[in-house]
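S.K.: Got a structure here, written out as C-alpha cells. Questions coming.
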Amino acid sequence: MTTLDEGVAATPEDLEHADNDQHPVGHGRMLRKEDPRFIRGMGKYVDDLQLKGMLHLAILRSPVAHATIVSIDTTAAQAHPKVKAVITGADLAAQGLAWMPTLSNDVQAVLATDKVRFQGQEVAFVVAEDRYSARDALELIDVEYDILPPVVDVRTALAPDAPVIRTDLEGKTDNHCFDWETGDKAATDAVFARADVVVTEDIVYPRVHPAPMETCGCVADYERVSGQLTLWTTSQAPHAHRTVYALVSGLPEHKIRVIAPDIGGGFGNKVPIYPGYVCAIVASLVIGKPVKWMEDRSENLVSTGFARDYVMRGEIAATKEGKILAIRTHVIADHGAFNGTAAPVKYPAGFFGVFTGSYDLEAAYCSMTAVYTNKAPGGVAYACSFRITEAVYLVERIVDCLAYDLDMDPVELRRKNLIQPEQFPYTSKTGWVYDSGEYERALDLALEMAGYDELRAEQAEKRERGELMGIGVAFFTEAVGAGPRKDMDILGLGMADGSELRIHPTGKAVLRVSCMSQGQGHETTFAQIVAEEIGIPPADIQVINGDTDQTPFGLGTYGSRSTPVSGAAAALVSRKVRDKAQIIASGMLEVSVADLEWQKGSFAVKGDPSRSVTIQDIAMRAHGAGDLPDGVEGGLEAQICYNPENLTYPFGAYICVVDIDPGTAAVKVRRFIAVDDCGTRINPMIIEGQVHGGLTDGVGMALMEMIAFDDEGNCLGGSLMDYLIPTALEVPHWETGHTVTPSPHHPIGAKGVGESATVGSQRAIVNAVVDALKPFGIRHADMPLTPSRVWDAMQGRPTPPI
Amino acid sequence: MQVPAPFEYERATSVDNAIDLLERLGDEARLIAGGHSLLPMMKLRLANLEYVIDINDLHNELGYVRVGTDEVRIGAMTRHRELLESPELAALFPIFADAEQVIADPIVRNRGTIGGSLCQADPSEDLTAVCTTLDASCVIRGRGGERVVTMAEFHRGPYETAVEHGEILTEIRIPVRPHGSSAYAKVERRAGDWAVTSAGAAVWMDGDVITGARVGLAAVGPNTTGIPAISEALQAQAPSEELYARAGAIAAESCSPVTDNRGTADYKRHLADELTRRTLRLSVERIQAGVAGDQGRNG
Ligand SMILES: Cc1cc2nc3c(=O)[nH]c(=O)nc-3n(C[C@H](O)[C@H](O)[C@H](O)COP(=O)(O)OP(=O)(O)OC[C@H]3O[C@@H](n4cnc5c(N)ncnc54)[C@H](O)[C@@H]3O)c2cc1C
C-alpha cells in the first residue's frame, strides 16, 4: 500500500493563516469559483425563476396523523377569483396518478385518497395566479376527517392490536415493513457464548432532519405543442429523477429536461421525489402553463425526508483484557408511513452493515425489523452515507460502554482492536472490503493535537473538585462512493457516473458531470481534478452540472459519492483527452508518441525539453488547419462512464472535550479535535469547509436536534424555533488535522469526505458527555443531550428520547 | 415562504392617533411594534387580523430610558437593543443587560420592543420576569386617559394582559431604591432559544443586611408576583449560601412548570431553585463589589 504523507503535521492546522487564495494548476488550496456569486447573493435558485404566465401551487396538508378522509369540499376554493385549479386525490386517481413509487420500491400517495397517514401529508393542491392567493385558497377547502388511532411508538407498531397503516397494500394486516439481516448469526452467538465480558446497551438514534437552508420546490413547464416538459427542481440527482418521471408519467424521457439550478443545501433532503414535484408537473400538464411549487419551512420540516430513527440494542463481546470479539445488534427501524428510503435497492438498511466499525472482529451479526408508523416517510437523508452514521454511532457507543465496564481507557481499548495497516484490503465480518487505512497513525495524531494525557490529568483534578469535564474519543470508518454496478442500483439504475470533457480551440475547457453540487464546491474541485491531469488552469475550466440536457447520465450527489465516482470519471476522461493530445503532439513535434514526456500542461521531446507543445497549442491544432496524424479525428474531447470497482473508505479520529455545568446540566463543547483521512486531498480548504460543516451537524444532533412527536402523532418540530439547529455560539474553534492514505483503486487516490464529519462527530460528543457523567455511574445516555436530559442522567435516570 | 392572510395596514402618527385607529377599526385591528411575535403568528396563520396598525413611527415618542429621582421610565417602543446598550440601565439595573444578552438574537433585538414583549405575555418571555423582579408598573393609555397598573395586575395570564382594546401600553416605570442590585440568568437549549427556565433577582441591602429582595421567574407557569415568600424569607437576613438555598427551595415550590420539549417539569423546578440562588448570589456580589446598583443615581 502506498502512503503519501504530504503535510502531515502533529500540530493543528493553522487555518486562520492558511493562504487559500492560491492558483494551483491542479490540486491545492484555492478559493471557490462559485463563491463570488453566492456571497454576492447572485446565486440562481429555483425560487428565483420567473417565467411568463407562471402560476403558483400550494399544498393542503393533513392536520392529523391518521384519519380516514370522509369528504373534501373544494367549491369555495374553486370560486376564489385568482384560483385556476383545485385538485384532490380523487382527481389524480382518475388519471392513475394518485400513487407514485418511492426510491425503495414502496408506493407513496401523491395526494391522499383513502386515508391520511402522517401529519403534513399532501391532501389537495391549489394552483393560483400568485402564491398568496394559492395559500389563501387552501383555507377555503373543507376536509372532513374521521380520526383513527395513530401508531407513534415504533416499539409497539407490530403489536397485534396496532391499527394497520398501510391498508392500501393488499392483504396487509400489520405494520411490518421489512426484515433484514447481515453477518453470521451462529458464529456470532458462539463467540458471545464463550466471551469473558458481554455488554448490552439500548441505544437510540432519534429522528432528525437535514433542514437545508433552501426548502424543496420546482417549476414545471410543459409545452403542449412540442410535448416538452422542463422541470427546474431542487434535485441532488437530476438524471435519476428524470428517468423516474419518464417511467411514472409515461412522458418519453427525451422530452423531459430536468434542471437543478443552484441548490441551497441538500444533505440528502433533495434525493427523494416528493409529491409536490409530481403535483406541479400534473398542474402544468393540465393547465399548460408553467407552475411553481415552493414549500415553506414548516412543510419542509414536517413532510420531507428525515434521517435516522433507529432503536438499537447493541451487544459487544470481549476478553477481559479488552480484545473485542464480536458485535451483535438488533434494530427497530422507523420508516414512517411509506418506505421512502433512498438507498441502493439491495441495501434496505443502507450501509448499516459497516457497524463493525474500524475493529478487527471474529464475528458480527445484525438483524433488523423495519416498521411503518404514522410519521413522515423518507429515511437515510442527512449526510449519513447511507446509514453509516447510525452504524458508527452504535459501534463507537458500545465500545465506550465496554471501556466503562472494563474500566479501561477508551483510547487503549480502541488501539488494541483497530484493523492494522497490513490487513488492508480488509474484509469485514459483514462482507465489506475496506480499501486502505492506517488507523493508528490518525489516532496518534489526534491524541497529540489534543494533548490527551494532559486532558486526562486535568479531568482527574477537576473531578476532585466536583467539576464535570468529559473527554470523548471516537474512531470511524466510512464506506462511500456507491457504487459498483454489480452490487448497487437505485430502482434498477446502476450507480456508475458519466463524464465528458471538451477542450475548446483556444485551450479552455468544459467538463460535464452527472453529479450535482449543493454547496460542496464541485465547480472548483472538479476543475482542479481536470487541471491536475491536463495542465489547464482551473480558471479556464468550466464545470457544468445539474442539467440532463447538458450532462451525461449518472446518479447524482449523495452518500459522499461525487469525488469517488464522478471525480474518478473526471480524472479518467482527462487522461483520455491527454492520450489523444499526445498523439497530436507527436505529429506536431514529428517524433513518436513514445518519445514524448508529459510535463503538466505540455508534451516535450524526451531529452530535448526545448522542443515542446502546450496543451493549448495542441487544442488549436486539433481544431485548426493542417493534417493530423493518421487515424486521428479533429477536436479534443472525450466521454467516459466510470463504474467504481469498490467503495472508498475514509476514516478519522475525533476527540471532544466538554464541560458540564453541575448546577444546570448545560453542556459546553470546549474543544474538538478532528483528524480526517480522505486519501488524496484535492482542495484542502474545501475539505476543511466540509469537515467544519459536518462537525457542526454533529453538535446539533448530539445536543439539540430531534423531530419529536406527541401521542397523537403531531410533529413537534415544525419550525426552526422548535427544531433547533446549532449556531456559531454552540460550536468551539475546530482543531483539524489530517493524514493521507490514498485509495488504491481510485484513479487519483481520493476518498469521499462530504459526510465524514457528520458521521464521526456526534459519538465523540456523546462519549464526552457520558464520560463527564462517569461520577454519577452513567454508562450511556441518548441524544439529544439537552440540559434537561443531561440532568435526568445526573439524577441516575437517563431516559431514551422516544 | 410562509405568507400571512390578507390584511390592511395603517401607520399611526402619534399615540392618540393609534388609539383613534384602534377604536375606529375595531376588534380585528392589532398594533404592531417590532413585529417579532406578531408577524410569525400571522405567517403561520395563527393570528388572522383585518388591520395592522404600525406604531414604529412612535419610536420618537415612546422610545426612551429616562432616569428620574426615584424611578426610571422606559417608553414602550424602546427596543431590546436599546435596553441592552443603555448606560443608565447598566448602572441602575444590571438585570436588563443580563437578560437582553440572552433574549433572541441581534436581528430580533434590533426591532423587538419592551412594550411588545410585555403585551405578548408569552409565558416564557423574559422581560416580564425582569419587570416583575424590579416591581415595575405599567402605564396604559386609552381614550379615557391613563392608568397605572402593577405587573401582577398587568399580566393576567399567558397571552393575556390588562391592555384592553382601544388601549396602548406607553410606559414602564421602575422604582429606584438605594443600595440595590440585580441579576438575571437563563438556561436555554441553544442561543436564541426561548428559556427552559429563567430567573431574575433584585436585592437591596443596608450594610450586611438584606432590606429587600424580589425574584421573578419565566417559563415555569404564571408568576408575576415576585414571589413574596422569598422576599419575606430574605428580609433582614445576612446573605449566605443557606439563605440562597432557602430562597431557591421556595422558588421551586412556588412555580408550576409543565413538561415539554424544552425539559421536564422536575428539571425546570430544579432550575427555578438553581437560578434563584445564582441570581441572588450575583446580586449580592454586585452590591458588595459596588459595581452596579444605585450609583447611577447618586454618583
Ligand atoms: C427568533 C426569536 C427568538 C425570541 N427569543 C426570545 C427570548 O428568548 N426571550 C424573550 O423574552 N423573547 C423572545 N422573542 C420575542 C421577542 O422578544 C419579541 O420581539 C417580543 O416578545 C415582542 O416584541 P415586538 O415589539 O416584536 O412585538 P410585536 O410582535 O410587534 O407585538 C406583540 C404583541 O404585542 C402587542 N403590542 C405591541 N406593542 C404594544 C403596545 N405598545 N401596546 C399594546 N400592545 C402592544 C401587539 O399588538 C402584539 O399583539 C423571540 C422572538 C423571536 C422571533
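S.K.: Along Cα→Cβ, 7 Å out, is where each label goes; now give me the distance between the ones at B:Thr211 and A:Glu139 in nm to one decimal.
M.R.: 5.6 nm
S.K.: Additional query: May I ask you to work out the translational diffusion coefficient for segment A:646-802 at 25 °C, viscosity 0.890 mPa s, via Stokes-Einstein with Rh from the Kirkwood sum over Cα pairs, reported in whole µm²/s?
M.R.: Rounded to a whole number, D works out at 146 µm²/s.
S.K.: R0 = 56 Å: FRET efficiency of A:Arg611 with A:Arg224, Cβ-based, nearest 0.05?
M.R.: Result of the calculation: an efficiency of 0.35.
S.K.: Which value in Å is the Kirkwood Rh of segment A:533-587 over different Cα pairs?
M.R.: Result for segment A:533-587, one decimal place: 13.1 Å.
S.K.: Report, for the protein assembly as shown, the % of DSSP beta bridges that are antiparallel, rounded to 5.
M.R.: 80 percent
S.K.: Apply the Karplus curve 6.51 cos²θ - 1.76 cosθ + 1.60, θ = phi - 60°, to the phi angles in segment B:169-181 and return the couplings in whole Hz, x for Gly and Pro.
M.R.: Going residue by residue, I get 7, 10, 7, 10, 10, 10, x, 10, 10, x, 6, x, 8 Hz, with x marking Gly and Pro.
S.K.: When the accessible area of the protein assembly as shown is split by element with a 1.4 Å probe, what percent falls to carbon and sulfur?
M.R.: Reported share for carbon and sulfur atoms: 51 percent.
S.K.: A further question on this structure: Run the quick spin-label model on A:Glu467 and A:Ile287: label points 7 Å from Cα toward the beta carbon, then report their separation in nm to one decimal.
M.R.: Computed distance between label sites A:Glu467 and A:Ile287 equals 6.3 nm.
S.K.: On to the next question. Relative to the Cα centre, what is the charge dipole magnitude of segment A:672-776, using +1 at the beta carbon of each Lys and Arg, -1 at the beta carbon of each Asp and Glu, and rounding to the nearest 20 debye?
M.R.: Rounded to the nearest 20 debye, it is 540 debye.
S.K.: If you average 1/r over every pair of different alpha-carbon atoms in segment B:1-126 and take one over that average, what Kirkwood value in Å do you get?
M.R.: Here the Kirkwood hydrodynamic radius works out to 15.5 Å.
S.K.: Taking 50 Å² as the minimum loss, tell me which residues in segment A:714-737 lose that much accessible area going from the chain by itself to the full protein complex (1.4 Å probe).
M.R.: In segment A:714-737, residues shielded by partner chains: A:Met721, A:Leu724.
S.K.: Sticking with this structure for a sec: What number in nm² do you get for chain A if you take the convex hull of its Cα atoms and divide its surface by four?
M.R.: Computing the convex hull of the Cα atoms and averaging its projections yields 36.2 nm².
S.K.: Given charges of +1 on the Cβ of Lys and Arg and -1 on the Cβ of Asp and Glu, with all other atoms neutral, how large is the dipole of the protein assembly as shown about its Cα centre, in debye to the nearest 20?
M.R.: 1140 debye
S.K.: Over segment A:691-802, what relative contact order in percent results from Cα pairs under 8 Å that are six or more residues apart?
M.R.: 33 percent
S.K.: For a paramagnetic label modelled at 7 Å from the Cα of A:Asp579 toward its Cβ, which residues of segment A:595-616 fall within the zone defined by backbone nitrogen distances under 14 Å?
M.R.: Under cut-off, by backbone N: nothing.
S.K.: Could you pull the accessible area for A:Asp35 with a 1.4 Å probe, rounded to 10 Å²?
M.R.: Roughly 40 Å² of A:Asp35 is accessible to a 1.4 Å probe.
S.K.: Once phi is turned into θ = phi - 60°, what whole-Hz ³J(HN,Hα) does the Karplus curve with 6.51, -1.76 and 1.60 give for every residue of segment A:352-366, x standing for Gly and Pro?
M.R.: 3J(HN,Hα) across segment A:352-366, in whole Hz: 4, x, 7, 5, 6, x, 9, 10, 8, 10, 8, 7, 7, 8, 9.
S.K.: What number, rounded to the nearest 500 deg cm²/dmol, is the helix-based mean residue ellipticity at 222 nm of chain A, given -39500 (n - 2.57) per DSSP H run of at least four residues and division by all its residues?
M.R.: One gets -8000 deg cm²/dmol as the mean residue ellipticity at 222 nm.
S.K.: Hey, can you find the accessible area per residue of chain A for me, probe 1.4 Å, expressed in square angstrom?
M.R.: Per residue, chain A has an accessible area of 34 Å².
S.K.: So which residues in segment B:182-200 end up with at least 20 square angstrom less accessible surface once the other protein chains are there, compared with the chain by itself, probe 1.4 angstrom?
M.R.: Flagged in segment B:182-200: B:Val187, B:Arg189, B:Arg190, B:Ala191, B:Trp194.
S.K.: Extension gain A:Glu412-A:Asp146, at 0.36 nm per residue separation less the Cα-Cα distance, in nm?
M.R.: So the chain would gain 89.9 nm between A:Glu412 and A:Asp146.
S.K.: If the cut-off is a Cα-Cα distance under 19 Å, which lysines reach A:Lys508, setting aside same-chain residues fewer than 8 apart in sequence?
M.R.: In chain and number order, the partners are A:Lys33, A:Lys576, A:Lys580, A:Lys600.
S.K.: Sticking with this one: Exceeding 18 Å between C-alpha atoms, which entries from my cross-link table qualify? They are A:Lys84/A:Lys292; A:Lys82/A:Lys289; A:Lys323/A:Lys774; A:Lys416/A:Lys462; A:Lys375/B:Lys43.
M.R.: A:Lys323/A:Lys774; A:Lys416/A:Lys462; A:Lys375/B:Lys43
S.K.: Now for a separate question. If you line up the Cα atoms of segment A:1-127 on their principal axes, what length do they span on each, largest first, in Å?
M.R.: Taking the Cα atoms of segment A:1-127, the three principal extents are 67, 42, 25 Å.
S.K.: Determine the order of A:Arg414, A:Arg512, B:Arg81 by accessible area, beginning with the largest, at a probe radius of 1.4 Å.
M.R.: Greatest to least solvent exposure: B:Arg81, A:Arg512, A:Arg414.
S.K.: What residues does segment B:1-36 have that are buried by at least 40 Å² of accessible area in the full protein assembly compared to the chain on its own, 1.4 angstrom probe?
M.R.: So the qualifying set is B:Met1, B:Gln2, B:Val3.
S.K.: Okay, next question. From the phi of every residue in segment A:385-390, what ³J(HN,Hα) in whole Hz does the Karplus formula 6.51 cos²θ - 1.76 cosθ + 1.60 yield, where θ is phi - 60° and glycine or proline is x?
M.R.: Running phi through 6.51 cos²θ - 1.76 cosθ + 1.60 with θ = phi - 60° gives 6, 6, 6, 6, 4, 4 Hz.
S.K.: What order do A:Ile59, A:Ile640 take when sorted by accessible area (1.4 Å probe), most exposed first?
M.R.: Output order, biggest surface exposure first: A:Ile640, A:Ile59.
S.K.: With contacts defined as alpha carbon pairs under 8 Å and 6 or more residues apart, what's the relative contact order of chain A in percent?
M.R.: 16 percent
S.K.: Over chain B, what is the relative contact order in whole percent, taking alpha-carbon pairs under 8 Å and six or more residues apart?
M.R.: The value is 17 percent.
S.K.: Shifting gears a bit: Checking an interface number: how much accessible area is buried between B and A, summed over both chains, with a 1.4 Å probe, in Å² rounded to 100?
M.R.: That pair hides around 2300 Å² of surface in total.
S.K.: Under a crude label model (7 Å from the Cα following the beta-carbon direction), how far is B:Leu46 from B:Glu160 in nanometres?
M.R.: Those two pseudo-labels are separated by 1.7 nm.
S.K.: If you don't mind, another one. Do any trypsin sites (Lys or Arg not before Pro) in segment B:118-211 lie in a DSSP loop with no more than 15 other beta carbon atoms within 10 Å, and if so, which?
M.R.: B:Arg143
S.K.: Can you pull out the trypsin sites (Lys or Arg not before Pro) in segment A:602-680 whose DSSP state is coil and whose Cβ has at most 16 other Cβ atoms within 10 Å?
M.R.: A:Lys606
S.K.: Let me ask something else about it. Compute the length gained on full extension between A:Ala460 and A:Gln22: take 0.36 nm times their separation in residues and subtract their Cα-Cα distance, giving the result in nm to one decimal.
M.R.: Between A:Ala460 and A:Gln22, full extension yields 153.2 nm more.
S.K.: Full-extension gain between A:Ala539 and A:Lys52, please, as 0.36 nm times their residue separation minus the C-alpha to C-alpha distance.
M.R.: Once the chain is fully extended between A:Ala539 and A:Lys52, it gains 171.8 nm.
S.K.: A further question on this structure: Provide the solvent-accessible area of A:Asp540, counting protein heavy atoms only and rolling a 1.4 Å probe, rounded to the nearest 10 Å².
M.R.: Estimated to the nearest 10 Å², A:Asp540 gives 40 Å².
S.K.: Provide the solvent-accessible area of B:Ser37, counting protein heavy atoms only and rolling a 1.4 Å probe, rounded to the nearest 10 Å².
M.R.: 40 Å²
The values are calculated or read from the model by the stated rules, or taken from the named source; none is laboratory data. Keep in mind that what you see is a predicted model, and the values were worked out from it rather than measured. All Cβ positions, even for glycine, are placed from backbone atoms using ideal geometry, and neighbour counts span all protein chains on display. The accessibility values were calculated without ligands, DNA or RNA, using every heavy atom of the protein model including side chains. Shrake-Rupley method; radii C 1.70, N 1.55, O 1.52, S 1.80 Å.
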